[in-house]
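Structure, as structure tokens:
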Amino acid sequence: MSSSTVLIVTDVQRDFCPGGSLAVEGGDDVARRITAWVRAHRDLYGAVVATKDEHEAPWHHFTDHPDFLNTWPPHCVIGTPGADFHPDLHCDPDAIFTKGRFRAAYSGFEGTDAQGTYLETWLRGRRIDDVHVAGLTSDYCVAATAWDSVHAGFRTTVLQDLCAGVSPDTTASVRSELAAAGIPFVDSSRFVAEKRSA
């Protein structure tokens, strides 16, 4: 790996972790594992970026009776603690991309940075070839980000030990779909082993 590899840390926010309105089991552990990974292996990446789900009224996709596909309980509302990154996440991102302001959004590639630059444009400007995706959740926003990444032409890998999913069934289904598109789910330790053997 080299300066042409980026780590995308996806939506590791309070509302997607235990105690939040859309809590995922294991979300706290994911925040801590990503922090440890970046601190130990930041040299593997030319850049580290983070994505955030952020919503503002009118919230047409929020409802008290969600279908968890197109409608959801209120979450990650701008200005609330639920929209903040998990307190144990410390990845010192080079840029933060926010998405979903007035509608449901899943992929980090739907997000823009503070200057309004889309993630794909930002990556191409830095000559990124390889994308590693981590965060929350394996079966929704991580998967959508990985899918858009490979379709944009980036070599894409999901770091499965740095993710957590909403459910085992949907995670398994998504993994099969991504594998068919050439996107592997691997443990981050694989890249440490490759670095040592290089």
DSSP bridge orientation in the chain - percent antiparallel, rounded to nearest 5
10
For VAL131, other-chain or 5+-apart residues with amide H closer than 5 Å (H placed, Pro excluded) are VAL6, ARG155, THR156, THR157
Expected vector for segment 179-192, Karplus 3J(HN,Hα) from phi with 6.51, -1.76, 1.60 and θ = phi - 60°, integer Hz, x for Gly and Pro, equals 4, 5, 8, x, 10, x, 9, 9, 6, 4, 4, 4, 6, 5
Computed [θ] at 222 nm, helices only, for the chain once each DSSP H run of length n ≥ 4 contributes -39500 (n - 2.57):
-8500 deg cm²/dmol
Could you give the angle, 0 to 90 degrees to the nearest 10, between helix 27-41's Cα long axis and the longest principal axis of the Cα atoms of the chain?
30
Listed by chain and number, the residues whose amide H is under 5 Å from that of SER107, excluding neighbours fewer than 5 places away on the same chain and using placed H, are none
Interchain or long-range residues, amide H under 5 Å from ALA164's placed H:
GLY135, SER138
Acute angle (nearest 10 degrees) that the helix 141-151 long axis makes with the longest principal axis of the chain, alpha-carbon atoms
50
Which ³J(HN,Hα) values in Hz, rounded to whole numbers, follow from the phi angles of segment 164-175 under the Karplus curve 6.51 cos²θ - 1.76 cosθ + 1.60, where θ = phi - 60° and Gly and Pro get x?
9, x, 5, 8, x, 5, 5, 5, 5, 5, 5, 4
Computed from the mean reciprocal separation of all distinct C-alpha pairs, what Kirkwood hydrodynamic radius does segment 5-197 have, in Å?
16.5
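Rule-based calculations on the coordinates, nothing more; no lab input. Computed from a prediction, not measured in an experiment: that's the story for all the values here.
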